[in-house]
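Q: Below is a structure I'd like to ask you about.
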Amino acid sequence: MRILESHPSDWKELEVKVAKILNASGFKATVNKQIKTVRGHVNVDVYAEDVKSIPKSINLFECKYWSADIPQAVIHSFRTVLNDFGANSGFIIVKNGFQSGAYDAVKNTNVHLLSWNEFQDVFIERWLECTLDTLNEISLPLRDYTDPLDMDKFYEKASDGDKEIYKNLCVKYVGVALYSSKFLYQFQSGVMQIKKEEVDQVIDKAIKEELLGTTRFRSYSDYFEFLYDNCMEGMREFELLFEKYN
């Protein structure tokens with residue numbers, strides 16, 4: 001799987017999706033930003049500050065939704081902008097490919113030539129890390145709600161009927177709560193850093209054992225959006241039940 005299943009449908013969507021992935025990966029990305037270089041002002045397709053790196057780094061992205069392969073002239077022009085501005089790295093992301101000699105033109109430089117899928121592959125583990133950080137924090141109440149040991153006060157006051165409703169909600173949402181925990185993915189790998197291979201193993205287990213009530217995810221975005229939506233719905237259902245006894 002990749003972050004997104006579908007390919008961009010035009011040049012604008014390519015820019016927007018690149019920025020969306022970067023923002024979800026901990027960058028501060030802006031589409032169509034004007035920058036000032038030593039030769040004057042230039043518009044870049046996507047400008048991204050890596051606010052997580054120390055010191056902060058700046059990356060420029062050129063998005064080319066061309067049917068033809070990208071010529072070396074485009075690469076040389078982009079390298080000039082990159083150097084004149086003083087950015088740390090540059091990426092040219094294309095729909096199709098590059099003309100002969102393009103990769104030689106960026107050898108030993110800070111310019112990277114990528115297809116749409118290659119771009120996703122470069123940033124996948126950072127995207128997974130940041131996405132899990134966000135989901136882990138959002139889902140914390142649901143993990144508390146599905147742990148009966150944390151529900152002493154509710155059990156003291158609740159009717160037998162509401163206790164049964166609570167048990168059914170736990171059965172319904174305990175899998176979502178578990179798979180929304182970052183610790184599960186770290187435990188799989190045995191290290192703190194999130195790895196794509198271990199995330200794949202966790203997802204495969206959830207599907208094979210039907211722990212999430214579904215058998216297919218088309219992309220990582222589908223998977224984590226499913227968990228997010230069900231976390232929010234689960235928390236709403238639990239909180240409606242708990243409101244009776246507050």
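Q: Report relative contact order for the stretch 139-245 in percent, whole number only (criteria: Cα-Cα under 8 Å, sequence separation at least 6).
A: Once normalised by length, the contact order is 40 percent.
Q: In the chain, what % of DSSP beta bridges are antiparallel (nearest 5)?
A: Looking only at bridges with both residues in the chain, the antiparallel portion is about 55 percent.
Q: Of Lys17, Lys33, how do they rank once you tally other Cβ atoms within 10 Å and put the fewest first?
A: Result, fewest neighbours first: Lys33, Lys17.
Q: Taking other Cβ within 10 Å of each residue's Cβ, how do Thr37, Thr131 sort, fewest first?
A: Working: Thr37 16, Thr131 24.
Going from least to most buried by this count: Thr37, Thr131.
Q: Let me have the relative contact order for the chain, percent, based on Cα pairs under 8 Å that are six or more residues apart. Before the final figure, lay out the partial values.
A: Values: 326 pairs, mean separation 43.6, N = 246.
18 percent.
Q: Among Lys56, Lys64, rank each residue by its count of other Cβ atoms within 10 Å, from fewest to most, as a rough exposure measure.
A: Lys56, Lys64
Q: On a 0 to 90° scale, report how tilted helix 196-208 is relative to the longest principal axis of the chain, with both axes built from alpha carbons and the result rounded to the nearest 10.
A: 40 degrees
Q: Using only the alpha-carbon atoms, how far is helix 160-179 inclined from the longest principal axis of the chain? Give it as 0 to 90 degrees, nearest 10.
A: So the helix axis and the longest Cα principal axis differ by about 20 degrees.
Q: Taking Cα atoms, how many degrees apart are the long axis of helix 220-242 and the longest axis of the chain, rounded to 10 and kept between 0 and 90?
A: 30 degrees
Q: Per residue of the chain, what 222 nm ellipticity follows from adding -39500 (n - 2.57) for every DSSP H run with n ≥ 4, rounded to the nearest 500?
A: It comes out at -17000 deg cm²/dmol, rounded to the nearest 500.
Here, each number is a calculation from the coordinates, and none is a lab measurement. These numbers come from a predicted model, not from an experiment. Note: ideal-geometry Cβ built from the backbone for every residue, glycine included; neighbour counts use all protein chains shown.
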